[in-house]
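Read the structure below first, then the notes.
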Amino acid sequence: MDDASPPSRRLYIKTYGCQMNVYDSERMADVLRPLGYGLTDRPEGADLVVLNTCHIRERATEKVFSELGKLKAMKAETGGRMKIAVAGCVAQAEGAEIMRRQPAVDLVVGPQAYHQLPELIARAHRSDGEVLSADFAPEAKFDSLGAGGAERQANGVTAFLTVQEGCDKFCSFCVVPYTRGPEFSRPAAAILAEARALAEQGVREVTLLGQNVNAYASEIGGLADLCRALAAIPGLDRLRYTTSHPRDMDDALIAAHADLEALMPYLHLPVQAGSDRILRAMNRGHDAKTYLALVDRIRNARPDLALSGDFIVGFPGETEADFQATLDLVEAVNYASAFTFKYSRRPGTPAASLPGQVDEAVKAERLERLNTLIERQRQAFNAVQVGKTLQVLIDRKGRHKGQIGGRSPYLQAVHLDGPERLIGQIVPVKIAALGPNALSGNLDILEPA
Ligand code: SAH
Ligand code: SF4
Ligand code: F3S
């Protein structure tokens, strides 16, 4: 390792999509650092621009092509010195199409091939050889992205850590099984090494990532076993995981929520819809009753657990009665927060060719009704915190002098007055008020009697 020499090349990475892309972008920066690339926060003047893309909905994909249009002009001004790479899920799904539609793109690299970046960049500079890699090789990816994890560089007091990648569920609307490949779990030894490296650099909270994170299975056992091993690492006081599938929520993981203090009482458990007919057409592999029963079991294990979810409105064939069933399910669960989407028709997925595609205006109207309900639940959940004392992980300076900010166990943003030296500490904060996007409160540290 040669960290002493200053970066000689400028690297700009723009990240779209989910948290796994955020993680992957950091790993790409790690791979390129030894080649002399240092991160910059704007594309102007960069030697290499990487767009780490998302394919999940039509809008996400369109953004990439419009951004490439802008970069093309910028590249021309540099006389072609600036290299442009497209990474991520659009690269995987439409790599050849990107190279054809936008000749300014120098290389295309799918999510499983980031370890090949140095070689692809070299080829792009020499203008010889293949500059498109869409291999599915998760093992090689993780092995070569930083010696199995131990070289991971932290950036703050919280961190993402990918433990599982890919999806075998094939929900009929979703591109992820095609862009991220089959389910793959990293060996626990590599994950623990990466987590230890993070903890040694001051990270207190780790969010374990996977497209189906609770399908995790390795030499250590399942996700519950991995969480227990991670919780034993000194300094790692908080664990979260996302995204879990209701079908993979096993008894061991539910039990971990009951007795593992490090596991935060906030769970993202997408259900997508409340109508059994639609759930079947979505190929979710569970009905509404099973989901509600699962929520009960988790809440019995951990009564203060709060839930968030993902919902799709306007799936092909969704009637008003089906949509009503989604509203009923949301009423029954009472979410702390949720992400809601209009169904987007994705090429190559089974649902794209289903009859009964729903009108955009109907989708928009349903989305608004669902959002109203969820926003009411979110506000109610936040309002309940006022007057309570929450353990807040301080992770940043506030916007105003003397102010600091952090996250509650429920991932709520919390502002308070306090010294900067508390960054990295978990402190009790008495919640005083509810703002539009954050809670505010005061340090609640008892004076010794
Ligand atoms: N299990 C994945 C889910 C990725 S997609 C993960 O690791 O996060 C995130 C959410 O996008 C899904 O839960 C779903 O609600 C939504 N989504 C996926 N495909 C969609 C489509 N074609 N149209 C609208 N929303 C979609
Ligand atoms: Fe997509 Fe379904 Fe897999 Fe989630 S579980 S990534 S929604 S196919
Ligand atoms: Fe998007 Fe790929 Fe993540 S499609 S949501 S970047 S897995």
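The values are calculated or read from the model by the stated rules, or taken from the named source; none is laboratory data. Keep in mind the model is a prediction, meaning the values are calculated, not measured. Here Cβ is always computed from backbone atoms with ideal geometry, including for glycine, and neighbour counts include all displayed protein chains. Areas reflect the complete protein model, heavy atoms only, side chains present, ligands, DNA and RNA absent. Shrake-Rupley method; radii C 1.70, N 1.55, O 1.52, S 1.80 Å.
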The helices (runs of 4 or more DSSP H) lying entirely within region 121-212 that contain at least 2 residues which are within 16 Å of ligand 2 (Cβ to nearest atom) and either surrounded by fewer than 22 Cβ atoms within 10 Å (Cβ to Cβ) or not aromatic (Phe, Trp, Tyr) (or both) are 176-179
Item to check | Condition met for ILE56 (at pLDDT 95 or above, out of contact with any strand residue (DSSP E or B) (no Cβ under 8 Å at 6 or more places or on another chain) and either closer than 21 Å to ALA154 by Cβ or within 16 Å of ligand 2 (Cβ to nearest atom) (or both)) | outcome: yes
When region 196-251 is checked residue by residue, the ones that are within 16 Å of ligand 3 (Cβ to nearest atom), among the aliphatic types (A, V, I, L, M) and touching a Phe, Trp or Tyr at 6+ places or on another chain (Cβ under 7 Å) are LEU208, LEU209, VAL213
Restricted to region 99-112 and to residues being in contact with a helix residue (DSSP H, G or I) (Cβ under 7 Å, 6 or more places away or on another chain) and aliphatic (A, V, I, L, M), the residue farthest from GLU26 (Cα to Cα) is ALA104
Reported set for region 69-96 where residues are away from ligand 3 (no atom under 16 Å from the Cβ) and open to solvent by less than 10 Å² (accessible area, probe 1.4 Å) is LEU71, MET82, ILE84
A careful count of residues in region 23-48 that are open to solvent by 30 Å² or more (accessible area, probe 1.4 Å) and in contact with a strand residue (DSSP E or B) (Cβ under 9 Å, 6 or more places away or on another chain) gives 9
Over region 255-269, the set of residues touching a His at 6+ places or on another chain (Cβ under 6 Å) and within 15 Å of ASN300 (Cα to Cα) is none
Within region 217-225, is there a residue that is touching a strand residue (DSSP E or B) at 6+ places or on another chain (Cβ under 8 Å), hydrophobic (A, V, I, L, M, F, W, C) and open to solvent by 40 Å² or more (accessible area, probe 1.4 Å)? yes
Residues of region 204-230 being more than 16 Å from ligand 1 (Cβ to nearest atom) and farther than 14 Å from LEU161 by Cα, in sequence order, are ALA217, SER218, GLU219, ILE220, GLY221, GLY222, ALA224, ASP225, ARG228, ALA229
Would you be able to say whether some residue in region 52-68 is without any contact (Cβ under 8 Å) to a residue 24 or more places away in the chain and surrounded by fewer than 16 Cβ atoms within 10 Å (Cβ to Cβ)?
yes
Checked pairs for region 183-197, first within 16 Å of THR207 (Cβ to Cβ) and among the hydroxyl-bearing types (Ser, Thr, Tyr), second crowded, with 19+ Cβ neighbours inside 10 Å and modelled with pLDDT under 95, C-beta under 6 Å and 6 or more apart or across chains, list as none
Worksheet item: Quick one: is TYR12 over 17 Å from ALA122 (Cα atoms), away from ligand 3 (no atom under 16 Å from the Cβ) and either touching a Ser or Thr at 6+ places or on another chain (Cβ under 8 Å) or not assigned by TED's automatic domain parsing to the domain that holds ALA91 (or both)?
Response: yes
Those residues of region 182-195 that are within 14 Å of ligand 3 (Cβ to nearest atom) and out of contact with any helix residue (DSSP H, G or I) (no Cβ under 7 Å at 6 or more places or on another chain) come to a total of 1
Of (1) open to solvent by less than 50 Å² (accessible area, probe 1.4 Å); (2) hydroxyl-bearing (Ser, Thr, Tyr); (3) in a helix (DSSP H, G or I), TYR410 fails just (3)
message: Here is a check on your reading of the model: is ARG228 closer than 20 Å to GLY181 by Cα, in contact (Cβ under 8 Å) with a residue 12 or more places away in the chain and in a helix (DSSP H, G or I)?
response: no
